[in-house]
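To start, the structure under review is shown below, and the notes come after it.
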Amino acid sequence: MRSNTRFLSPSEAARRLGVSAKALRLYEQRGLVEPERTAAGWRVYGPEQMARAAEIVALRALGFSLAQVGRVLQGDPQGLEQTLAAHQAALEAQLHGLSGAVEKIRSLRSDLLQGRTPTVDQLAELRAPAPEVRAAFELPWPWGGEPFELRDIRALNYIIGPLGSGKTRFAHSLAQALPDAVFLGLQRLEETEVAAAKARLHADNRLKSRVNEALAWLAEDGAAPSAALSVLLSELEAEGSATLIVDMIEQGLDQPTQEALIAWLRRRAPGARPMFMLTRSCAILDLSAVGPDETIILCPANHSPPMQVAPYSGAPGYEAVATCLASPEVRARTAGVIAWFPPGRVEAAAATP
């Protein structure tokens, strides 16, 4: 290494780039950037590595898969048109919203010139936030029917908790409280559900095209095609604004597929319908990669009310969330494990309306 050059540790480099250290390791594993090494063998990033990493981060922000990033860096345009089209659509959606706001201002200025003073409500509408999606309902057993309100609903929402914490019952109640919500349970892995999804795709060419496009993007990022993934995508790509709630989203998906899926979900266009994911996989919920448009909801083991948890160490509930997460390999070994309750508690749950 050149002695007069400033080199950064992986954590320092990640902080400057605005990504996680894990993301940098992934870039290295894919051969996109190669850090230098100290005499002791530690990874370090100099100006050249930082410049290349910044290019990767910029391309990822545009919605490029890691495979596409690699091709772009090598001058290969394959798949570039589709990604640019998706980014154009996202920008046009933002432009449409801005155009509407500009037209409102133009109308108010015209009214002023004609002696009509805008009302307070008209002025307030210029800065009005998007309509807030919220849900209010009574918590099911094991909470005992106490009122609950969820306000901070974002594009991606994770529901997590240990076995027996009530997170699935919570998700069902949430699906009933949200208008037109769709609950996608574990039965999606059954042969009848897989067959129904295939029939749906066969009958709807537009949906089939969107699903195939998503599968192609995911495959480039290392996902393995499977029936579980196809069923999931057929619901995600269906037209409509209904909120989707998915029970244990990682079921039937290997680790590369889970990692590709969460990256694909994060690149959806602005205005995509909110999605709730029950999960216990650290590939789906990587606490170091949670973005500003994502929310973590914890169902505590002691059956205190569900709580929103900030994704940083020391935040209330953070350690409880971290202990619930496991690698996809561990999750696969425990996929058939269910919570067991003493008979009295089961009977009480069954008697609860």
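Summary table
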read-out: Check on residue 206, in a helix (DSSP H, G or I), more than 16 Å from residue 136 (Cα to Cα) and either in contact with a helix residue (DSSP H, G or I) (Cβ under 8 Å, 6 or more places away or on another chain) or not assigned by the TED database to the domain that holds residue 223 (or both); value: no
read-out: Residues of the stretch 74-117 satisfying the condition of being open to solvent by 50 Å² or more (accessible area, probe 1.4 Å), modelled with pLDDT of 85 or more and not polar (S, T, N, Q); value: 75, 102, 103, 104, 105, 106, 109, 112, 113, 115, 116
read-out: Residue check for residue 201: modelled with pLDDT of 90 or more and either touching a helix residue (DSSP H, G or I) at 6+ places or on another chain (Cβ under 9 Å) or of a type in the set (Asp, Glu) (or both); value: yes
read-out: Subset of the stretch 25-50 that is closer than 20 Å to residue 71 by Cβ and among the hydrophobic types (A, V, I, L, M, F, W, C) - its residue that is surrounded by the fewest Cβ atoms within 10 Å (Cβ to Cβ); value: 26
read-out: Which listed residue, of 150, 174, is touching a residue at least 40 places away in the same chain (Cβ under 8 Å) and surrounded by fewer than 21 Cβ atoms within 10 Å (Cβ to Cβ); value: 150
read-out: Single residue of 244, 253, 298 found to be under 13 Å from the mean Cα position of the chain (by Cα) and not polar (S, T, N, Q); value: 244
read-out: One residue from 239, 213 being open to solvent by 60 Å² or more (accessible area, probe 1.4 Å), within 27 Å of residue 78 (Cα to Cα) and at pLDDT below 90; value: 213
read-out: Matching residues, the stretch 269-278, being surrounded by 18 or more Cβ atoms within 10 Å (Cβ to Cβ) and either under 20 Å from residue 240 (Cβ atoms) or touching a Cys at 6+ places or on another chain (Cβ under 9 Å) (or both); value: 274, 275, 276, 277
read-out: Residue in the stretch 261-276 that is under 23 Å from residue 135 (Cβ atoms), in a strand (DSSP E or B) and assigned by the TED database to the domain that holds residue 208 present; value: yes
read-out: Subset of the stretch 287-320 (residues that are open to solvent by 30 Å² or more (accessible area, probe 1.4 Å) and of a type in the set (Asp, Glu)); value: 293, 319
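The values are calculated or read from the model by the stated rules, or taken from the named source; none is laboratory data. Since the model is a prediction, treat every value here as computed from it, not as a measurement. We place every Cβ from the backbone using ideal geometry, glycine too, and count neighbours over all the protein chains shown. Heads up: the accessible areas ignore ligands, DNA and RNA and are worked out on the full protein's heavy atoms, side chains in. Shrake-Rupley method; radii C 1.70, N 1.55, O 1.52, S 1.80 Å.
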